[in-house]
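**Student:** Below you will find the structure I want to go over with you.
The values are calculated or read from the model by the stated rules, or taken from the named source; none is laboratory data. Bear in mind that the values here come from a model prediction, so they are computed numbers and not experimental data. Glycine gets a Cβ as well: all are built from the backbone with ideal geometry, and neighbour counts include every protein chain shown. Only protein heavy atoms, including side chains, enter the accessible area calculation; ligands, DNA and RNA are left aside. Shrake-Rupley method; radii C 1.70, N 1.55, O 1.52, S 1.80 Å.
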Amino acid sequence: MHIVVCVKQVPDTKIIKINPKTNTLDRRSAPAILNPYDAHAVQAAVKVKEEYGGLISVLSMGPPQAVEIIKKSVEIGADGGYLITDRAFAGADTLATSYALFKALDRISKDKPIDLIICGKHAIDGDTGQVGPGIARRLDIPPITNVIEISDIDLKIRKVRVKRKIINGYERIETGLPCLLTVEKEINPIEYSPLPNMIRAARYQPVIWAVSDLDEVDRTQLGLKGSPTIVGKMFTPPKPEGGHVLEGTPSEQAGQIVEVLLKNKELFSVN
Amino acid sequence: MQENRGVWVYIEQNEGKIEGVSLELLGAGRKLADKLEVPLAGVILGDSIRHLSDEVIYHGADEIYVIEHSVLKQYRTESYMKGVIQLAEAYKPEIFLYGATPNGKDVASAVATDLSTGLTADTTMLDVDVEKRLLEASRPAFGGNIMATILCKKHRPQMATVRPKVMKALPRDSSRKGRVIEEKMDLREEEMRTKVLEIVKDVTKPGLADAHIIVCGGKGMGDERGFQLIHELADVMGAGVGGTRDVVEAGWIGHDHQIGQTGETVTPKIYFAIGLSGAIQHLVGMKNSETIIAINKDPHAPIFGVSTYGIVGDAHEIVPLLIKQFKEAFKKGGEKTHA
C-alpha cells in the first residue's frame, strides 16, 4: 500500500508578529514548522502502515527550506518525500496549490500507484482546509474531510472505513480506495520519534522537482497567475476599547461579578 | 462573466432541519443582493425537504432552488457537489455563500475546484463594491490581529464560506412570497463510491458552540490540578469548559474544548477568560461573546482589551471566592422565586 501525505511548512502563528506599519508578516519573528495538523496526518499514515504495511511518501510545495519539514516527517515515520519548488508556484491560492500538488501526485503515481492520500485538516497560516478536497476533485477520487479515525482498510475489495466529525457528533463512512482523507488532531497523539528515525531524518534528502520535472503542466494554472483570489487589502480591526476593570478587595470584586451573573439567571442549567 | 447574476446561499439541512448559519447567511445575503439590485436565492438539496422552501423565503430569499432525490438523504460530497454544480452552471449566480460548517466547507471546496473559481474561507465580514460588482470577503489572517479582504476579480461565481454566529438572521416573516424552482438530477445509488453507514449524535456533551456560558482557562492555572478550578466554576453554573491552545497541548483538557483559531469559535452570552493572556489566536475564537469576564494577574494582558469586566488578580484566589459567593447568592435567589 502506498500512502502519500501532503504537508506544508508554516510560520508558527503562536509567536508570529505583524509589522504594524506595513501590515505584513515579520517572518523573522516566527520559526517555520511542520503544520501541526500535517504532523497528525503523518502519524496517521504511520499507524496505518503499522497495521497494513506499505510505504509512506510525503509531498510538499514550498521554498527550498521546506526540506526541513520533509525531514521532520521522516522523523515521525515517513519513508521518503518529495518537494516541488519553483518560482512559478509562488503566490498560489488554494486552487493553484491543489493544481500543482495534483501534477506532482500524478508524477509520483506513475512510479508507484497511490492507494491513499492523507492531508491535515487545514494549515494554521491559511486556515482554509480547501487544498485537500481540491486535490481529490482533480484526481476524481472521494474526498473525506474532518476524519477522526481510520479503520478496516481492505486492499482486496479496495475499501476503507472512517469516522468523520460533523456538527454535534460523527458519522461512519465507507468509501473506495484510492481516496483522500483530511484529518483532525484527535485522530491520534503524536508519538515520540524512535532514535533510528531521527538519525535517518538527519541525513535524509528528499526528491526535489521543479515545474519542468512535472508532466503536461498548464503554467497559466500555477502560482499567482493561476489564482482566482487576491488579497485586496489588509487592515487592522478597530481596536477594542476594553471594559471596566473592577476595584475593591478580591471578595468585593467577586461579589460584583456574581451580581452580573444573577442578572442572567435564565442561562444557568443548574437546579 | 457578465451573464452571472444574483446572490446565492447554500442552505444546509441536517435531517430536515435548516442549520442556523444558513439563516444568518440569508440575512447577510439580503443586504448584498439589495445593494446589487439582484434577487437573493437559496439552494437546498436533500430527500423530502420541499417543505423547507417556505422557511428559506420567510428568512429573506426571493427564490429557492430545490433538488429532491432519495440518494440525497444523507450528505455526501460526491452527490451534493454534483447537484450544486449543476445548478450553478445552469443559472450562473455572481456570488455564492456557504456556512463554514464541516459539510458547508466540504461541499464549497469541491464545487470551487470544479467551477475553477475563487473561494474565501471562514469569512467574518461581507460587503460588495457595487460598481465593480465585487464581493469583498474579509477574514482574520494570521491569528486574527489583522484582517485581509479577499477579492475574486475574474472568475464567477465569487464564493465564500462564512463563520457561524457572525452574521445576523432576519426576523421570520411568513408574509413573504417567493419563487420555488425545482430541479431534477440524475443520481444512482449504485454509482456512489461513498456510503454513510451510521450517524452518531453526541448528546451527552452539548457542543461548546451551543453553550450560553463558557468558562475558559489558560496556562495561568498553573497545572492540571489548578485547572480543576475551571471545571468547578463551570459546574456551579452548568457552563461549558474551554481551554487555550497551550493547555490543550499540555493535555490538561481535550481537543474538543479548544477555543481559538485552530479550535472552536464561540459566542456565548457570558465568557469567562481565566488565567489566559488573550493571544491573538484565542481572541479570534471568542471576542464576539456578549459579556466577557477576564481574570488575570497581568494588568497589561491583551484580554483586558476585549473584556467587559476585568479583575486584575490571582485566579487561584478569585475563582474560589466566586464559586462560594455564587452558590450563596444563587441559593438566596432561588428561595425568593419560590416564595
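**Student:** Name, by its number, the condition in (1) open to solvent by 20 Å² or more (accessible area, probe 1.4 Å); (2) assigned to a loop (DSSP other than H, G, I, E, B) that does not hold for B:Val236.
**Tutor:** (2)
**Student:** Tell me which residues, restricted to the range B:241-288, are touching an Asp or Glu at 6+ places or on another chain (Cβ under 9 Å), modelled with pLDDT under 90 and polar (S, T, N, Q).
**Tutor:** B:Gln261, B:Thr262, B:Thr265, B:Thr267
**Student:** Further, regarding this structure: Scan the range A:185-206 for residues that are within 25 Å of B:Ala250 (Cα to Cα) and either touching a Ser or Thr at 6+ places or on another chain (Cβ under 9 Å) or open to solvent by 70 Å² or more (accessible area, probe 1.4 Å) (or both) and jot them down.
**Tutor:** A:Lys185, A:Pro189, A:Ile190, A:Glu191, A:Tyr192, A:Leu195, A:Met198
**Student:** Can we say B:Leu187 is assigned to a loop (DSSP other than H, G, I, E, B), away from chain A (no Cβ under 13 Å) and open to solvent by less than 60 Å² (accessible area, probe 1.4 Å)?
**Tutor:** yes
**Student:** Ok, one more. Return the only residue of A:Thr175, A:Thr182 being in contact (Cβ under 8 Å) with a residue 40 or more places away in the chain, in a strand (DSSP E or B) and of a type in the set (Ser, Thr, Tyr).
**Tutor:** A:Thr182
**Student:** Take B:Ala294 and decide whether it is of a type in the set (A, V, I, L, M), crowded, with 23+ Cβ neighbours inside 10 Å and within 20 Å of A:Glu252 (Cα to Cα).
**Tutor:** yes
**Student:** Among A:Ile166, A:Ile144, A:Ile157, A:Ile150, which is the only one that is touching a residue at least 60 places away in the same chain (Cβ under 8 Å) and of a type in the set (A, V, I, L, M)?
**Tutor:** After applying the criteria, what remains is A:Ile150.
**Student:** Which ranges mark the strands (runs of 3 or more DSSP E) fully within the range B:239-321 that have 3 or more residues being within 23 Å of A:Glu266 (Cβ to Cβ)?
**Tutor:** Result: B:240-243, B:270-274, B:291-296.
**Student:** Moving on to the next point. Does A:Leu83 satisfy the condition of being open to solvent by less than 20 Å² (accessible area, probe 1.4 Å), in contact with a Phe, Trp or Tyr (Cβ under 7 Å, 6 or more places away or on another chain) and not in a helix (DSSP H, G or I)?
**Tutor:** Against the criterion (open to solvent by less than 20 Å² (accessible area, probe 1.4 Å), in contact with a Phe, Trp or Tyr (Cβ under 7 Å, 6 or more places away or on another chain) and not in a helix (DSSP H, G or I)), A:Leu83 does not qualify.
**Student:** Follow-up. Could you look through the range B:192-218, keep only residues that are more than 8 Å from every other protein chain (Cβ to nearest Cβ) and modelled with pLDDT of 95 or more, and pick out the one that is most open to solvent (accessible area, probe 1.4 Å)?
**Tutor:** Only one residue fits best here, namely B:Met192.
**Student:** Checking A:Ile117 against (1) surrounded by fewer than 19 Cβ atoms within 10 Å (Cβ to Cβ); (2) among the β-branched types (Val, Ile, Thr); (3) more than 10 Å from every other protein chain (Cβ to nearest Cβ); (4) under 20 Å from the mean Cα position of the chain (by Cα), only one condition comes out false. Which one?
**Tutor:** (1) is the only condition that A:Ile117 fails.
**Student:** Can you name every residue in the range B:105-127 that is assigned to a strand (DSSP E or B), open to solvent by 10 Å² or more (accessible area, probe 1.4 Å) and more than 7 Å from chain A (Cβ to nearest Cβ)?
**Tutor:** B:Met125, B:Leu126, B:Asp127
**Student:** Go through the range A:157-197 residue by residue and tally those that are of a type in the set (Lys, Arg) and at pLDDT below 95.
**Tutor:** 2
**Student:** When you go through (1) under 13 Å from the mean Cα position of the chain (by Cα); (2) away from chain B (no Cβ under 14 Å) one by one for A:Ser109, which number turns out not to apply?
**Tutor:** (1)
**Student:** Regarding A:Glu216, is this residue out of contact with any helix residue (DSSP H, G or I) (no Cβ under 7 Å at 6 or more places or on another chain), more than 7 Å from chain B (Cβ to nearest Cβ) and more than 24 Å from A:Arg107 (Cα to Cα)?
**Tutor:** No: the conditions fail for A:Glu216.
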